[in-house]
């Protein structure tokens, strides 16, 4: 009786072990995908700053700086230039305001940062000719994007998962096995966008340059997927 009980226990343990081994048969692979997208949105970051009229007059020393141009006038002139270039008012917003100490000046010079959303890139070159360099401390491209960027992110994620399944399938099939359902999916990134490059638009002490070329945005995505082996 004891021998029969021992055999039964051993057989049951072997059956459970075999079942667990069968259930734990899986393959884990990494899938990746990327997509290049031509941007259709640009955000210009423009910093304006108070200045003295005497700075731009010949034979004037810092101690002669007395006629300060207020920030409100500089901003008003800038917005007029932007509107003239076809920029809508709702596409212009203030991002920050502060003050700047000119070492050789007599007063605090206030500055303000504005962001301008542009969907027609041909307007960028118009802005470089319309904006008065006086009072403009910097003019840079702050961000490049696409109006349907989230749609493209989802597509790249889907392609990465398909890539993982395709890779797992041919590896398993090369061993004469059959790929089963997906067991788990782990995201390794969230559809990162590679940095873009554009030509410099402005330096603090020289004239504007035109933006002649904008590189595509590259969206990349990686996952780790685990699939059951039938």
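Here, each number is a calculation from the coordinates, and none is a lab measurement. What you see is a predicted model, and the numbers here were worked out from it, not measured in a lab. Neighbour counts are summed over all protein chains in view; Cβ atoms, including those assigned to glycine, are modelled from backbone coordinates with ideal geometry.
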**OP:** With r as the distance between the Cβ atoms of residue 41 and residue 108 and R0 = 30 Å, compute the FRET efficiency 1/(1 + (r/R0)^6) and round to 0.05.
**Re:** 0.30
Original post:
How many nm separate the modelled label positions at residue 162 and residue 189, each set 7 Å beyond the Cα in the direction of the Cβ?
Top reply: 2.1 nm
Subject >> Whether region 41-145 is rounded, prolate or oblate, judged on the alpha carbon gyration tensor where a/c under 1.5 counts as rounded >> reply: prolate
Original post:
Does anything in region 215-230 have its amide N under 18 Å from the 7 Å Cα→Cβ label point of residue 178, and if so which residues?
Top reply: 227-230
Subject >> Extension gain from residue 26 to residue 215, taking 0.36 nm per residue of separation minus the Cα-Cα distance >> reply: 63.9 nm
